[in-house]
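Undergrad: Here it is: the structure, laid out below.
The values are calculated or read from the model by the stated rules, or taken from the named source; none is laboratory data. Bear in mind that the values here come from a model prediction, so they are computed numbers and not experimental data. No Cβ is skipped: glycine too gets one built from the backbone with ideal geometry, and neighbour counts run over all protein chains shown. The area values use the complete protein model at the heavy-atom level, side chains included, leaving out ligands, DNA and RNA. Shrake-Rupley method; radii C 1.70, N 1.55, O 1.52, S 1.80 Å.
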Amino acid sequence: MTVEAHDPAAELGRLVAEGRISEDALQAITGIQADTLLRLLENTQPGMARVTTKTQPPSNDDTSRFSIVAAQLTTGLQIADDDRLKAIFRSLTAECHLTVRNVALLTGLEVDDVEKALHDPRTLTFERKYGLAIRGSFLINAVSRARGR
């Protein structure tokens with residue numbers, strides 16, 4: 001097993017340079033102040049933000065959000081769609097303690113389709129997967145908002 005170094009500044013800097021995301025969008029997504037975000041993006045050594053006597057170092061919360069969004073926008077987007085669909089419903093059932101029936105009733109989906117999404121999404125048609133993904137993502141977002149994330 002190999003371990004790859006995770007350099008959020010380099011990863012997000014590359015995404016900005018490639019035009020995949022703007023600094024303005026990163027600020028809106030993370031809630032990190034523009035000057036702090038720029039310092040984090042300019043960081044060339046992991047864990048070593050450039051700070052002068054006139055600036056405050058990034059908070060642990062800012063650094064954490066910066067690292068999380070870097071991982072989600074790079075490594076996270078490499079996850080296969082069927083695996084991502086399965087994870088949505090595993091999260092809703094395991095982490096949120098919703099039953100398959102709860103999820104189906106909340107979303108207007110068929111219990112059988114939710115079961116298939118949990119166990120083998122490959123057996124579902126694209127149209128069914130689309131409905132599951134949209135409605136499951138909505139529930140995940142509702143949970144995240146309720147938790148204040």
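Undergrad: Of the residues Ala87, Ala142, Ala104, only one is assigned to a helix (DSSP H, G or I) and farther than 22 Å from Arg65 by Cα; which? Write out each step before concluding.
TA: Values: Ala87 fails: farther than 22 Å from Arg65 by Cα; Ala142 fails: farther than 22 Å from Arg65 by Cα.
Criteria check complete, one pass: Ala104.
Undergrad: Could you please let me know if Lys129 is basic (Lys, Arg), without any contact (Cβ under 8 Å) to a residue 24 or more places away in the chain and under 13 Å from Leu85 (Cβ atoms)? Give the steps one after another, and end with the answer.
TA: Working: basic (Lys, Arg): yes; without any contact (Cβ under 8 Å) to a residue 24 or more places away in the chain: no; under 13 Å from Leu85 (Cβ atoms): yes.
No.
Undergrad: Additional query: I need a count of the residues in the range 117-129 that are open to solvent by 70 Å² or more (accessible area, probe 1.4 Å) and either farther than 18 Å from Leu139 by Cα or polar (S, T, N, Q) (or both). It would help to see each step written out before you state the result.
TA: At the first step, the residues of the range 117-129 found to be open to solvent by 70 Å² or more (accessible area, probe 1.4 Å) are 119, 122-123, 125-128.
Subset that is either farther than 18 Å from Leu139 by Cα or polar (S, T, N, Q) (or both): 119, 122-123, 125-127.
Within the range 117-129, residues that are open to solvent by 70 Å² or more (accessible area, probe 1.4 Å) and either farther than 18 Å from Leu139 by Cα or polar (S, T, N, Q) (or both) number 6.
Undergrad: Also, quick follow-up: Check Ala94, Ala133 and return the single one that is open to solvent by 30 Å² or more (accessible area, probe 1.4 Å), of a type in the set (Gly, Ala, Ser) and touching an Asp or Glu at 6+ places or on another chain (Cβ under 9 Å). Talk me through it step by step, then tell me what you get.
TA: Numbers: Ala94 fails: touching an Asp or Glu at 6+ places or on another chain (Cβ under 9 Å).
Sole residue among the options that is open to solvent by 30 Å² or more (accessible area, probe 1.4 Å), of a type in the set (Gly, Ala, Ser) and touching an Asp or Glu at 6+ places or on another chain (Cβ under 9 Å): Ala133.
Undergrad: Then there's this: Where the second residue is part of a helix (DSSP H, G or I) and open to solvent by 40 Å² or more (accessible area, probe 1.4 Å) and the first is without any contact (Cβ under 8 Å) to a residue 60 or more places away in the chain and over 18 Å from Asp24 (Cα atoms) and lies in the range 54-80, which pairs have Cβ atoms under 8 Å and are six or more apart or on separate chains?
TA: Close Cβ pairs (under 8 Å, with a partner that is part of a helix (DSSP H, G or I) and open to solvent by 40 Å² or more (accessible area, probe 1.4 Å)) amount to Thr55/Asp35; Ile79/Ala87.
Undergrad: Restricting to the range 38-74, and then to whatever is closer than 16 Å to Arg14 by Cβ, open to solvent by 80 Å² or more (accessible area, probe 1.4 Å) and part of a helix (DSSP H, G or I), can you tell me which residue is modelled with the lowest pLDDT?
TA: Among them, the one singled out is Glu42.
Undergrad: Can you name the residue in the range 99-115 that is free of Cβ contacts under 8 Å to residues at least 12 places away in the same chain and surrounded by 12 or more Cβ atoms within 10 Å (Cβ to Cβ) and is also farthest from Ser144 (Cα to Cα) among such residues?
TA: Taking the candidates together, the pick is Asp112.
Undergrad: On the basis of being closer than 26 Å to Gly148 by Cα, open to solvent by 30 Å² or more (accessible area, probe 1.4 Å) and at pLDDT below 90, does Leu77 make the cut? Steps first, please.
TA: On the way: closer than 26 Å to Gly148 by Cα: yes; open to solvent by 30 Å² or more (accessible area, probe 1.4 Å): yes; at pLDDT below 90: yes.
Criteria met by Leu77.
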